Amino acid sequence: MTTAPSATMLETILLDRNSEHVATITLNRPKVLNALNAQLITELRTTLEELDNDEQIRAIVITGSGDRAFAAGADIGELNAIHDALEGAEKARIGQGLTLCIERMRTPVIMAINGFALGGGCELAMAGDIRIASENAKFGQPEVNLGLIPGYGGTQRTTRLVGKGFAMFLCLSGDTIDAQTALQLGLVERVVSHGDLLVAALKLAETIASKAPLAIQACKRVINQGAELPLSDALSLEALTFGTLVTTQDFKEGTSAFLEKRAANWKAK
């Protein structure tokens with residue numbers, strides 16, 4: 001089992017083990033509204049990968065430090081220092097690598113979005129499995145104001161989450177939308193008061209962590225992979241995965257616990 005890095009090794013994020021099975025990562029550059037610089041992206045991806053290899057961790061919450069922002073975007077100073085097209089494409093691929101890492105992890109990731117989630121911050125939020133926003137959250141893809149397009153997956157995930165038309169609106173106008181609009185569009189799953197945000201996210205994380213681990217991992221994998229497949233292929237994937245889970249110890253334990261009217265003791269086997 002691999003353990004997550006010590007908090008003393010991290011400079012741009014904070015890591016907390018909230019319970020045996022849940023961890024919280026806080027983006028921690030509040031003076032620049034938690035802008036995503038290269039160091040933060042590296043530390044975040046490394047920490048996520050190590051948590052994903054920790055068999056005790058069953059759910060992860062990501063949020064931003066301070067009251068003003070989840071992440072207000074990429075670090076503009078770093079973007080301004082890009083010299084050529086190859087360097088620019090590599091910068092985008094690094095950001096895309098982080099968002100793909102989140103989607104491909106076995107562990108569910110809940111985004112607790114406080115304040116601004118703009119540009120790269122919105123793209124990071126969209127890579128999460130479930131998004132809970134505080135009532136003061138703001139979302140947008142303002143890259144056109146810098147002479148750019150979204151580069152960390154924003155053109156593609158926005159389209160998949162809210163449809164082509166509204167993806168065009170966000171990416172072409174650079175406008176921001178509030179939390180209730182994001183909820184109506186399906187960009188987030190819940191909106192709560194600012195004071196209740198982390199409590200709500202951790203409660204959901206603990207609920208997920210209490211379920212059969214192999215089944216949770218399989219749900220995430222099948223939903224993500226199936227979304228990119230024709231329906232017939234996706235249904236085949238679902239059936240095969242269902243059949244595999246029937247052979248696990250956790251399936252036997254879960255059905256026995258139900259019949260015996262007791263709590264299940266999951267072994268992730």
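Taken together, the values in this text are just the output of simple stated rules run on the coordinates, not laboratory data. What you see is a predicted model, and the numbers here were worked out from it, not measured in a lab. Please note: Cβ atoms are built from the backbone with ideal geometry, for glycine as well, and neighbour counts cover all protein chains shown.
Report the one residue of Leu51, Leu14, Thr99 whose Cα lies farthest in the direction of the positive end of the charge dipole of the chain (charges on C-beta: Lys and Arg +1, Asp and Glu -1; origin at the Cα centre).
Leu51
Lys267: which lysines have alpha carbons under 26 Å from its alpha carbon, excluding same-chain residues fewer than 8 sequence positions away?
Reachable lysines: Lys203, Lys211, Lys220, Lys252.
In debye, nearest 20: dipole of the chain around its Cα centre with unit charges on the Cβ of K, R (+) and D, E (-)?
Approximately 640 debye in magnitude.
Out of the GluC sites (Glu not before Pro) in the stretch 213-269, which ones are loop residues according to DSSP with at most 12 other C-beta atoms within 10 Å?
Glu228, Glu260
Residue separation times 0.36 nm, minus the C-alpha to C-alpha distance between Asp178 and Gln39: what's the value?
The Asp178-Gln39 span can extend by a further 47.2 nm.
Report the extension gain between Glu78 and Ser236 in nm, rounded to one decimal, defined as 0.36 nm multiplied by the number of residues separating them, less their alpha carbon distance.
Length gained between Glu78 and Ser236: 52.4 nm.
For n ≥ 4 DSSP H runs only, could you compute -39500 (n - 2.57) per run for the chain, divide by its residues and tell me the 222 nm figure to the nearest 500?
-14500 deg cm²/dmol
Between Glu11 and Thr159, what length comes free when the chain is fully extended (0.36 nm per residue of separation minus the Cα-Cα distance, one decimal in nm)?
Residue separation times 0.36 nm, minus the Cα-Cα distance, leaves 49.9 nm.
Tell me, what is the Rg over Rh of the stretch 213-259, with Rh the Kirkwood radius over Cα pairs?
Answer for the stretch 213-259: 1.06.
Which FRET efficiency value, to the nearest 0.05, do you get for Arg68 and Val246 by plugging their Cβ-Cβ distance into 1/(1 + (r/R0)^6) with R0 = 35 Å?
FRET efficiency, Arg68 to Val246: 0.10.
What is the stretch 66-182's relative contact order, in percent, from Cα pairs under 8 angstrom and six or more apart in sequence?
Relative contact order for the stretch 66-182 comes out at 27 percent.
Provide His21, His83, His194 in ascending order of the number of other Cβ atoms located within 10 Å of each residue's Cβ, fewest first.
With the sparsest Cβ surroundings first, the list reads His83, His194, His21.
Report Rg(Cα)/(2.2 N^0.38 Å) for the chain, keeping two decimals.
With N residues counted in the chain, Rg over 2.2 N^0.38 Å equals 1.03.
Considering the chain as a Gaussian network with a 10 Å cut-off on Cα pairs, which listed residue, Asn28, Asn37, Asn224, attains the greatest mean-square fluctuation?
Comparing Asn28, Asn37, Asn224 in the GNM, the peak value goes to Asn224.
Can you say what percent of the DSSP beta bridges in the chain, counting only those with both residues inside, are antiparallel? Round to 5.
The antiparallel fraction comes to roughly 25 percent.
Using the Cα centre of the stretch 7-209 as origin and beta-carbon charges of +1 (Lys, Arg) and -1 (Asp, Glu), tell me which of Thr181, Pro108, Val32 is placed farthest towards the positive end of the dipole.
Toward the positive end, the furthest listed residue is Thr181.
7 Å from Cα along Cα→Cβ at both Asn18 and Glu55: what's the point-to-point distance in nm?
Distance between the two pseudo-spin positions: 2.4 nm.
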